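Structure record follows, encoded as structure tokens.
The values are calculated or read from the model by the stated rules, or taken from the named source; none is laboratory data. This is a predicted model, so every value here is computed, not measured. Cβ sites come from the backbone with ideal geometry, for glycine too, and all protein chains shown count toward neighbours. Just the protein is used for accessible areas: all its heavy atoms, side chains included, with ligands, DNA and RNA removed. Shrake-Rupley method; radii C 1.70, N 1.55, O 1.52, S 1.80 Å.
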Amino acid sequence: QVRLVESGGGLVQPGGSLRLSCAASGSFLSTSVMGWHRQAPGKQRELVGAILSDGFTNYADSVKGRFTISRDNGKNTVYLQMNSLKPEDTAVYYCYTLQSRTYWGQGTQVTVSS
């Protein structure tokens, strides 16, 4: 089993920044893909972006140029730096990792509002 614990969500004004963290433990493999999804109220969960163990990243078009995913393989932690936040970024953000199956964190709320 793999356990993922997210932190760093909260309330931020439009144009502001937040940094989410997700620490993996248990049977986590540092070579695994890690990343983030989000789910806004009344909408389906969508991919925000992902990062391979070598640092290669990909992002949803809606966040390109504003969000950055990074990881620290020594700490089994993935980060999501979110800049220039918009109200439409409001959602519960879920960390995930892909091994023999997909593991999910519990989610952390991000609210962008003035």
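Once you charge only the Cβ atoms, +1 for Lys and Arg and -1 for Asp and Glu, what is the size of the charge dipole of the chain about its Cα centre, to the nearest 20 debye?
Roughly 100 debye, rounded to the nearest 20.
Rounded to a whole number of µm²/s, how large is the Stokes-Einstein D of the chain at 37 °C and 0.692 mPa s, given Rh as the Kirkwood radius over C-alpha pairs?
Diffusion coefficient, whole number: 235 µm²/s.
On a full-extension model of 0.36 nm per residue, what is the gain between Ser21 and Gln109, subtracting their alpha-carbon distance, rounded to one decimal in nm?
On the way: separation 88, 0.36 × 88 = 31.68 nm, distance 1.25 nm.
Here the segment from Ser21 to Gln109 would lengthen by 30.4 nm.
Quick one: which of 87-94, 69-76 comes out on top by average Cβ neighbours within 10 Å, and what's the full order, highest first? Please report the intermediate quantities before stating the final value.
Numbers: 87-94: 18.0, 69-76: 14.9.
Taking the mean over residues of other Cβ atoms within 10 Å, the ranking is 87-94, 69-76.
If you roll a 1.4 angstrom probe over the protein chains with everything in place, what fraction of the accessible area of segment 1-47 belongs to carbon and sulfur, to the nearest %?
On the way: 1290 of 2660 Å².
Accessible surface attributable to carbon and sulfur in segment 1-47 totals 48 percent.
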- Solvent-accessible area per residue, Å², over the chain with all protein chains present [probe radius 1.4 Å]: 52 Å²
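How do Ser113, Ser100 rank by accessible surface area computed with a 1.4 Å probe, from largest to smallest? Show your work: numbers first, answer last.
Working: Ser113 60, Ser100 115 Å².
Descending order: Ser100, Ser113.
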- Message: With just the Cα atoms defining each centre, how far is segment 1-39 from segment 53-68? Give it in Å.
- Response: 14 Å
